[in-house]
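Participant: So that we are looking at the same thing, I have put the structure below in structure tokens.
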Amino acid sequence: MDFKFGEKEGKLRKEIREFAKKELPPNWLSVMFEEEHRDEDWEFAMSISKKLSEKGWLTMSWPEEYGGKGASLWEQLAYSEEASYWGIPGTTMGVGGVDWVGPSLMMFGTDELKKKHLPLIASGDADGVWCTGYSEPNAGSDFASIRTRAVRDGDEYVINGQKIWTSAAHRSRWCWLAVKTDIDAPKKHKGISVFAVDMKTEGITVRPLLNYVGYHIFNEVFFDDVRVPATNLVGEENRGWYQLMHSLGYERGSVAGRGYGYNKRILDELIMYCRENHLFDEPAIRNGLADLSIEIETQKMLAYETIYKMSKGGVPIYEPSRDKVFNDHILEHMAFIGTGILGGYAQIDPMNRKSRWSKLKGCIENLYWLFPGISLAAGTDEVELNIIGQYGLNLPKSY
Amino acid sequence: MDFEFSEDQTMIIDSARKFLEKECPKEKVRELKEDEKGYDPDTWNKMVEMGWMGLIFPEEYEGTGMDFFDLMILMEEMGRNLLPGPFFSTVALCSLPILEFGSSDQKKEILPKIAYGEKIWTLALTETSATYEPSGVALQATLDGDYVLEGTKLFVPYANIADYMLVVARTSDKADPKEGITVFIVDAKSPGIKTEVIPTAAHDKQCEVIFDKVKVSKGNILGEPDNGWDIVEFIIQRASVLKSAEMLGGAQTALNMGNDYAKERVQFDKPIGSFQAIQHKLAKMLIDVEGLRFLVYEAAWKTSIGSQSALLNSIVKAKANEVFQRTCLESIKVHGAIGFTEELDLGLFFLRTKASEFALGDTGFHRERIAQELESYKPSFLS
Ligand SMILES: Cc1cc2nc3c(=O)[nH]c(=O)nc-3n(C[C@H](O)[C@H](O)[C@H](O)COP(=O)(O)OP(=O)(O)OC[C@H]3O[C@@H](n4cnc5c(N)ncnc54)[C@H](O)[C@@H]3O)c2cc1C
């Protein structure tokens with residue numbers, strides 16, 4: 001056992017801190033879901049994406065031939081951790097651009113698709129921003145039940161149907177779209193295919209869905225006879241499910257480190273707030289902060305273990321689910337303790353975090369009102385617990 | 001970064017697991033609960049032969065020269081199997097501080113005898129106030145030619161069979177309760193010592209030890225007079241990680257038992273593990289136990305490379321306290337009524353929870369220490 005990072009990671013961490021101090025406004029503190037909401041925040045995030053690309057960090061884990069640095073999983077982890085801690089925006093290229101669109105294209109895409117899209121993502125270009133269209137009104141956790149269809153017509157596919165909860169669709173140039181290409185497939189996950197779809201194509205309508213606070217995070221996306229060149233099919237027709245399962249592995253490396261970096265920052269902010277406001281005298285607050293630091297330290301080690309397994313060539317199946325459930329638990333716990341610490345000030349609208357009544361730049365209110373979304377997105381806790389049960393404990397399928 | 005055990009460590013684990021399965025079946029654990037001594041001298045001697053007592057002593061003290069991490073692994077295995085006996089009190093609570101703070105004569109005299117299993121040791125620290133805070137040390141040692149010890153220690157593990165004790169006493173009254181504390185090396189057979197086993201639920205031979213004008217010579221001080229709290233602090237740091245490793249082993253067994261049972265037990269024509277309420281309970285137990293595992297390993301690793309962290313050690317013990325208890329409880333629920341019986345081994349684990357929690361500081365104690373660390377630590381965003 002040895003839980004030390006190498007020199008490379010140490011150096012990288014330092015560079016990222018310097019970058020954050022130089023490129024972000026003084027006392028910067030980022031919050032969840034903000035960058036996709038306001039135009040000015042989005043533009044700022046995109047300007048940072050460009051700079052991250054210039055540093056070679058944006059897609060650092062990609063091979064050099066595709067605009068990456070071939071960075072190790074540990075460098076990637078250090079980067080995700082630091083970027084989240086410092087609140088660096090613009091790290092993802094929409095929903096999935098960096099984490100799964102690029103890697104999937106490398107694995108399954110044609111040369112044409114790779115040549116076109118990978119440089120756009122890697123360079124932080126506005127045309128390299130993606131949204132991910134999986135969920136539908138009747139297919140959430142049961143994703144394989146999607147009904148949006150693509151039917152071959154000459155050199156094109158014609159797509160009809162509807163996606164929902166599509167985050168950042170209003171910011172994206174491309175959609176990573178899952179559809180049914182064979183509705184008669186004996187098993188429902190056998191008829192799924194993935195397409196790269198230009199969001200400017202005729203027949204696509206994006207309709208905003210506002211969250212209860214007022215954030216514009218996700219959308220409904222309607223496909224009405226949308227014609228997509230057949231060359232935009234990613235990998236094999238009807239093999240989409242298997243391809244997605246495969247490329248999920250890439251996504252996993254970044255999630256755990258991001259959660260840890262973000263949580264650690266919020267905890268640090270709370271600690272300083274309590275110190276400055278003499279709240280450390282209160283036993284409930286002492287206990288609350290102690291409990292959070294226990295959990296966040298635990299999260300760190302779990303995250304590292306997942307990466308370790310990946311670094312040894314393993315494909316961790318239940319570990320990312322374990323880490324997701326644990327992160328959701330921490331977010332909730334931290335939201336309760338944090339709002340408890342702010343007391344009356346926890347009521348301030350997170351959309352008005354520049355208000356003079358807002359404490360800690362609104363990061364606690366933002367956490368409180370928005371953590372439910374994080375815990376639902378990308379697999380609810382119940383679904384993740386099913387995965388842990390089946391693959392971590394070898395229990396029979398429960399549903 | 002490396003989350004794998006070395007070859008040597010894997011060997012320790014394999015041999016310990018085999019040995020304990022054979023030497024310490026649960027019938028033996030049950031027997032020893034009722035046994036007056038509370039340990040099996042035969043097993044003890046075999047542990048000596050395996051080199052466990054002096055595992056981390058240098059060779060000059062007849063040890064094997066392994067490190068703290070290796071000792072931690074051994075504790076985890078003992079916890080998995082619930083090995084009863086004075087290993088923890090002798091090795092974790094006494095030999096480590098003697099190795100660290102003892103004079104070279106003391107080390108030469110004491111450590112080889114521990115390595116050979118000839119002497120059993122224990123630590124007499126807590127008193128009627130049942131706290132690990134320095135303010136809890138009230139037993140008086142008065143200098144009158146020799147020192148004279150007067151007072152009562154409570155929850156002293158295996159004092160009923162110990163040959164020697166480290167006794168933490170107050171030698172002078174200072175404003176700061178940390179000052180004026182001295183650690184004495186005391187022959188357990190000294191006149192004036194009276195020992196009585198406390199009836200704990202775990203039947204783990206914790207004792208009341210009364211010191212009635214017990215004479216201890218000036219030479220039998222560990223470290224320096226009046227500066228003994230540093231030693232106690234050292235013991236709390238090291239032993240709480242080792243205790244947590246033992247609890248981790250116990251929690252892992254409790255989880256495994258629940259997991260196995262959920263696959264076998266059929267109700268409503270299905271294994272109960274296919275019911276989501278049961279499956280999700282077990283999944284959460286897994287998150288608990290794996291989280292504890294890597295925390296314990298991190299703390300032990302840091303200690304073994306010399307960069308131990310008081311913050312991390314307290315995080316570990318607080319987490320172990322919660323996880324061991326919760327995992328046992330949830331596993332009992334998964335088992336249904338059989339989980340409530342004497343017959344199922346699970347109860348033996350559950351019965352240890354309160355003793356383990358109290359040892360080296362309960363959750364409140366360590367939370368408070370964490371909070372104190374947080375009050376003074378510098379977040380990196382201010383750097
Ligand atoms: C902020 C946010 C952003 C999102 N972004 C995107 C995006 O960009 N692209 C996209 O495609 N999707 C996105 N989603 C959708 C997300 O993936 C789904 O919400 C999620 O998969 C759950 O589906 P659902 O909302 O339909 O809930 P349902 O699947 O209807 O679930 C409702 C409840 O039933 C439970 N449940 C369902 N099945 C089981 C089961 N087998 N066992 C136990 N309990 C079960 C769930 O845990 C949940 O509590 C986003 C969601 C949120 C909240």
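The values are calculated or read from the model by the stated rules, or taken from the named source; none is laboratory data. Bear in mind that the values here come from a model prediction, so they are computed numbers and not experimental data. Here Cβ is always computed from backbone atoms with ideal geometry, including for glycine, and neighbour counts include all displayed protein chains. Ligands, DNA and RNA are excluded from the accessible area calculation, which covers all protein heavy atoms including side chains. Shrake-Rupley method; radii C 1.70, N 1.55, O 1.52, S 1.80 Å.
Participant: Got a sec? Which residues of segment A:282-300 lose 50 Å² or more of accessible surface with every protein chain in place, vs. that chain alone, 1.4 Å probe?
Facilitator: Hits at the 50 Å² cut-off: A:ARG286, A:ILE294, A:GLU297, A:THR298.
Participant: For chain A, what % of the accessible area comes from carbon and sulfur atoms, probe 1.4 Å? Each step should come with its number before you reach the end.
Facilitator: Working: 8620 of 16820 Å².
After summing per-atom areas, the C and S share lands at 51 percent.
Participant: Let me ask something additional. For the pair B:GLU118/A:ARG17, report the inter-label distance in nm, with labels modelled 7 Å from Cα in the Cβ direction.
Facilitator: Result for the modelled spin labels: 5.3 nm.
Participant: At 0.692 mPa s and 37 °C, plugging the Kirkwood radius over alpha-carbon pairs of segment B:150-234 into Stokes-Einstein gives what diffusion coefficient in µm²/s?
Facilitator: Details: Rh = 13.5 Å.
After rounding, the answer is 243 µm²/s.
Participant: Take the Cβ-Cβ distance between A:ALA230 and A:ILE183 as r, set R0 to 22 Å, and report the resulting FRET efficiency rounded to the nearest 0.05.
Facilitator: On the way: r = 19 Å, r/R0 = 0.84.
About 0.75, to the nearest 0.05.
Participant: Here's something else I'd like to know. Return the Cα extents of the protein assembly as shown along principal axes one, two and three, sorted largest first, each rounded to a whole Å.
Facilitator: Ordered largest first, the protein assembly as shown gives principal extents of 101, 61, 47 Å.
Participant: Using a 1.4 angstrom probe and counting only protein chains, how large is the accessible area of B:THR10 in Å², to 10?
Facilitator: 60
Participant: For chain B, take the alpha-carbon Rg, divide it by the Kirkwood Rh, and send me Rg/Rh. Intermediate results must be reported in sequence, preceding the final value.
Facilitator: Working: Rg = 21.2 Å, Rh = 21.6 Å.
Result for chain B is an Rg/Rh of 0.98.
Participant: Given a Förster distance of 41 angstrom, what is the FRET efficiency for B:GLU27 paired with B:LYS189, based on the Cβ-Cβ distance and rounded to 0.05? Please report the intermediate quantities before stating the final value.
Facilitator: Values: r = 32 Å, r/R0 = 0.79.
Once the sixth-power term is evaluated, E becomes 0.80.
Participant: Follow-up. Whole-Hz Karplus ³J(HN,Hα) for segment B:77-88, in order, using 6.51 cos²θ - 1.76 cosθ + 1.60 and θ = phi - 60°, x for Gly and Pro?
Facilitator: Working through the residues one at a time gives 5, 4, x, 4, 9, 6, 4, x, x, x, 4, 4 Hz.
Participant: Here is a follow-up. Run through segment A:163-215 and list the trypsin sites (Lys or Arg not before Pro) located in a DSSP loop whose Cβ has at most 15 other Cβ atoms within 10 Å.
Facilitator: Values: sites: A:LYS163, A:ARG171, A:ARG173, A:LYS180, A:LYS187, A:LYS188, A:LYS190, A:LYS200; in loops: A:ARG173, A:LYS187, A:LYS200.
In loop regions of segment A:163-215 (DSSP not H, G, I, E or B), the sparsely surrounded trypsin sites (Lys or Arg not before Pro) are A:LYS187, A:LYS200.
Participant: Then there's this: Roughly what percent of Cα-Cα pairs across segment A:1-67 reach past 18 Å?
Facilitator: Values: 1161 of 2211 pairs.
When all Cα pairs of segment A:1-67 are counted, 53 percent exceed 18 Å.
Participant: Same structure again: Can you give me the C-alpha center-to-center distance between segment A:244-312 and segment B:260-336, rounded to a whole angstrom?
Facilitator: Cα centroid of segment A:244-312 versus Cα centroid of segment B:260-336: 19 Å apart.
Participant: Next up: Summarise the accessible area of segment B:233-383 (1.4 Å probe, protein heavy atoms) by the percent that is carbon and sulfur.
Facilitator: Numbers: 2880 of 5360 Å².
Using a 1.4 Å probe with all protein chains present, segment B:233-383 comes out at 54 percent carbon and sulfur.
Participant: A further question on this structure: Given points 7 Å out from each Cα along the Cα-Cβ axis, report the B:LYS218 to A:LYS55 separation in nanometres with one decimal.
Facilitator: With each label point 7 Å from Cα toward Cβ, the separation is 6.4 nm.
Participant: Length gain on complete extension for the stretch B:THR10 to B:ASN45, per 0.36 nm per residue less the alpha carbon to alpha carbon distance?
Facilitator: Numbers: separation 35, 0.36 × 35 = 12.60 nm, distance 2.26 nm.
10.3 nm is the gain from fully extending B:THR10 to B:ASN45.
Participant: Mind ordering B:74-87, A:349-362 by average Cβ neighbours within 10 Å, highest first?
Facilitator: Listed from highest to lowest mean packing, they are B:74-87, A:349-362.
Participant: Could you work out [θ]222 nm for the protein assembly as shown from helices alone, using -39500 (n - 2.57) per DSSP H run of at least four and dividing by all its residues? Round to the nearest 500 deg cm²/dmol. Display every interim value, and only then the final one.
Facilitator: Working: 21 runs with 363 residues, N = 782.
When only DSSP H runs of four or more count, the value is -15500 deg cm²/dmol.
Participant: Given the convex hull of the Cα atoms of segment A:254-392, what is a quarter of its surface area in nm²?
Facilitator: Details: hull surface 35.3 nm².
Hull-based average projected area comes out at 8.8 nm².
Participant: Charges only on Cβ, +1 for Lys and Arg, -1 for Asp and Glu: so what's the dipole of segment B:7-119 about the Cα centre, in debye to the nearest 20? Kindly include the intermediate steps, with their values, before the conclusion.
Facilitator: Details: 14 positive and 24 negative charges, 69 e Å.
It comes to approximately 340 debye.
Participant: Still on this structure, I have one more. Between the DSSP loop rule and a limit of at most 14 other Cβ atoms within 10 Å, which trypsin sites (Lys or Arg not before Pro) in segment B:272-353 are left? Before the final figure, lay out each step's value.
Facilitator: Details: sites: B:LYS281, B:LYS284, B:ARG293, B:LYS302, B:LYS317, B:LYS319, B:ARG326, B:LYS333, B:ARG352; in loops: none.
Passing both the DSSP loop test and the Cβ count: no residue.
Participant: Can I ask one more? Please give the per residue accessible area of segment B:282-383, computed with a probe of 1.4 Å over protein heavy atoms only, in Å². Present the calculation step by step, with values, prior to reporting the outcome.
Facilitator: Numbers: 3580 Å² over 102 residues.
Ligands and nucleic acids excluded, the figure is 35 Å² per residue.
Participant: Would you compute the Debye intensity of segment B:80-139 from its alpha-carbon atoms alone, equal scatterers and no solvent, and pass along log10 I(q)/I(0) at q = 0.20 Å⁻¹ to two decimals?
Facilitator: For the requested q values the scattering log ratios are -0.85.
Participant: Sorting A:ILE164, A:ILE159 by accessible area (1.4 Å probe), largest first, what list results? Show your work: numbers first, answer last.
Facilitator: Numbers: A:ILE164 20, A:ILE159 0 Å².
Largest accessible area first, the list is A:ILE164, A:ILE159.
Participant: Also: Largest first, what is the accessible-area ranking of A:PHE280, A:PHE218 with a 1.4 Å probe? Kindly include the intermediate steps, with their values, before the conclusion.
Facilitator: On the way: A:PHE280 10, A:PHE218 55 Å².
Per-residue accessible area, sorted high to low, gives A:PHE218, A:PHE280.
Participant: Spin-label point model (7 Å from Cα, Cβ direction): what's the B:LYS354 to A:ASN394 distance in nm?
Facilitator: 3.7
Participant: To the nearest 20 debye, what is the magnitude of the charge dipole of chain B about its Cα centre, counting +1 on the Cβ of each Lys and Arg and -1 on the Cβ of each Asp and Glu? Can you show the working numbers first?
Facilitator: On the way: 42 positive and 61 negative charges, 181 e Å.
Computed about the Cα centre, the dipole is about 880 debye.
Participant: Seen from all sides and averaged, what is the projected area of the convex hull of the Cα atoms in segment B:7-119, in nm²?
Facilitator: Values: hull surface 26.9 nm².
Approximately 6.7 nm², given one-decimal rounding.
Participant: Kindly report, to the nearest 10 Å², the accessible surface of A:LYS21 as traced by a 1.4 Å probe over protein heavy atoms only.
Facilitator: That residue has around 110 Å² of solvent-accessible surface.
Participant: Just going by the charge dipole of segment B:230-382, with Lys and Arg at +1 and Asp and Glu at -1 on Cβ, which of B:ASN313, B:ILE287, B:SER244 is farthest out on the positive end?
Facilitator: B:ILE287
Participant: Additional query: Tell me the total accessible area that B and A bury against each other, 1.4 angstrom probe, in square angstrom rounded to 100. Walk me through the numbers before you get to the answer.
Facilitator: Details: alone 17750 and 19180 Å², together 32150 Å².
The summed interface area works out to 4800 Å².
Participant: Order A:HIS333, B:HIS366 by their accessible area, 1.4 angstrom probe, all chains in place, largest first. Could you put the intermediate results ahead of the total?
Facilitator: Values: A:HIS333 45, B:HIS366 0 Å².
The residues order as A:HIS333, B:HIS366, largest area first.
Participant: Largest first and in whole Å, give the semi-axes of chain A's equivalent ellipsoid, each being the square root of 5 times a Cα gyration tensor eigenvalue.
Facilitator: Numbers: eigenvalues 244, 104, 101 Å².
Semi-axes (√(5λ), whole Å): 35, 23, 22.
Participant: Are there GluC sites (Glu not before Pro) in segment B:285-371 that DSSP marks as loop and that have at most 13 other Cβ atoms within 10 Å, and which are they?
Facilitator: Numbers: sites: B:GLU290, B:GLU298, B:GLU322, B:GLU330, B:GLU342, B:GLU343, B:GLU357, B:GLU368; in loops: B:GLU342, B:GLU343.
Within segment B:285-371, the qualifying GluC sites (Glu not before Pro) (loop, at most 13 other Cβ atoms within 10 Å) are B:GLU342, B:GLU343.
Participant: Determine the per residue accessible area of segment B:7-119 with all protein chains present and a 1.4 angstrom probe, expressed in square angstrom.
Facilitator: Details: 4880 Å² over 113 residues.
In whole numbers, segment B:7-119 has 43 Å² accessible per residue.
Participant: Within a 10 angstrom radius of each residue's Cβ in B:291-303, how many Cβ atoms of other chains show up on average? Whole number is fine. Display every interim value, and only then the final one.
Facilitator: Numbers: counts 11, 2, 4, 11, 6, 1, 4, 7, 2, 1, 4, 1, 0.
Neighbouring Cβ atoms belonging to other protein chains average 4 per residue here.
Participant: Leaving out ligands, DNA and RNA but keeping every protein chain, what accessible area does B:TRP52 have, in Å² rounded to the nearest 10, with a 1.4 Å probe?
Facilitator: Ignoring ligands and nucleic acids, B:TRP52 comes out at about 10 Å².
Participant: How large are Rg and Dmax for segment A:130-239 when calculated on the C-alpha trace, in angstrom?
Facilitator: When restricted to the Cα atoms of segment A:130-239, Rg and Dmax are 13.5, 46 Å.
Participant: Moving on. Averaged over peptide B:363-376, how many Cβ atoms belonging to another chain are found within 10 Å of each residue's Cβ?
Facilitator: Counting other chains' Cβ atoms within 10 Å and averaging over B:363-376 gives 5.
Participant: Next up: Tell me the volume per residue, in Å³, of the convex hull enclosing the alpha carbons of segment B:54-172.
Facilitator: With only Cα atoms used, segment B:54-172 gives 128 Å³ per residue.
Participant: Averaged per residue, what accessible surface does chain A expose to a 1.4 Å probe, in Å²? Could you put the intermediate results ahead of the total?
Facilitator: Details: 16820 Å² over 399 residues.
Here the per-residue accessible area is 42 Å².
Participant: Hey, can you list the residues from segment A:377-399 whose accessible area shrinks by 40 Å² or more with all protein chains present, relative to the chain by itself (probe 1.4 Å, no ligands or nucleic acids)?
Facilitator: By number: A:LEU385, A:LEU393, A:LEU395, A:PRO396, A:SER398.
Participant: Can you tell me the relative contact order of segment A:7-91? Whole percent, Cα pairs under 8 Å, sequence separation 6 or more. Before the final figure, lay out the partial values.
Facilitator: Values: 80 pairs, mean separation 33.6, N = 85.
Once normalised by length, the contact order is 40 percent.
Participant: Right, here's the next one. Taking the Cα centre of segment A:191-298 as the origin, how large is its charge dipole in debye, to the nearest 20, when only Lys and Arg (+1) and Asp and Glu (-1) carry charge on their Cβ atoms?
Facilitator: On the way: 10 positive and 16 negative charges, 38 e Å.
So the magnitude is around 180 debye.
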